[in-house]
Amino acid sequence: MIEIEKLREQMPDAAKDIKLNLQTVFQSTTLTPAQIWGTAFASAIVARNEDLTEAIYKDLQGKVDVAVIEDAKAAAALMSMNNVYYRFRHMIGKESYSTRPARLRMNWIAKPQSNKVDFELFCLAVSAINGCEACVRSHEQVVIDGGMTEDQVHDAVRIASTINAAAVSLEMNYFSSQVVGATV
């Protein structure tokens with residue numbers, strides 16, 4: 001976790017709790033390395049901080065198979081589409097939209113490169129970041145039915161939330177450098 005550690009050092013004092021969480025969240029005792037790193041990588045992609053995504057990508061090298069990396073990327077891309085679509089249908093609350101076919105390609109969901117349950121866990125984490133209740137509920141049910149425990153789901157969402165907060169915390173550096181010497 002050399003690269004992530006470098007980023008932790010760059011975070012401002014206002015992100016002290018996030019720095020501490022980023023140090024410990026990877027120490028899950030319920031998730032496999034593939035689940036930890038796949039969740040973290042998919043979450044970083046969706047959090048849209050290039051430095052964080054690159055750091056996680058570098059730190060996961062040698063810890064997971066390339067199939068996990070590809071599944072994490074696919075989960076980030078597909079859920080970025082699905083979360084907008086299904087969140088809209090949920091928020092609008094009209095039956096007329098819910099009965100229309102999505103007509104959105106989602107072939108990867110049926111045939112992930114690594115493990116179906118792990119891929120669904122990555123989708124769950126991304127959906128939690130994106131705030132899509134329908135997708136969170138759907139993917140949580142799939143991973144539970146697939147044999148995962150609520151503790152594992154909890155740990156994955158903890159990783160997602162910490163990665164998202166780390167992305168926000170790193171963005172604070174831009175604003176800190178812009179207001180040096182300014183008074184409020």
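Every read-out reported here was derived from the displayed coordinates using simple, explicitly stated rules and does not represent laboratory data. Computed from a predicted model, the values in this text were never measured in an experiment. Here the Cβ positions follow ideal geometry from the backbone for every residue, glycine too, while neighbour counts run over all protein chains shown.
Structure summary
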item	result
Unmatched cysteines, the chain - criterion: no other Cβ of a Cys under 4.7 angstrom	C123
From the coordinates shown, Cα Rg over 2.2 N^0.38 Å corresponds to which of [x] 1.09; [y] 1.55; [z] 1.19	[x]
The range 116-131 - phi-based ³J(HN,Hα) in whole Hz, Karplus 6.51/-1.76/1.60, Gly and Pro as x	4, 5, 4, 4, 5, 5, 4, 5, 4, 4, 4, 5, 5, 4, 7, x
Prolate/oblate/rounded call for the range 10-88, Cα gyration tensor, a/c under 1.5 rounded	oblate
GNM flexibility winner over the chain from L78, L20, L121 (Cα, springs under 10 Å)	L20
Test item: Cα-centred dipole of the range 103-144, Lys/Arg +1 and Asp/Glu -1 on Cβ, debye	260 debye
Residue-averaged [θ]222 nm for the chain, counting only DSSP H segments that reach four residues, each worth -39500 (n - 2.57)	-23500 deg cm²/dmol
Contact order relative to length of the range 33-178, as percent, for alpha carbon pairs under 8 angstrom and 6 or more apart	34 percent
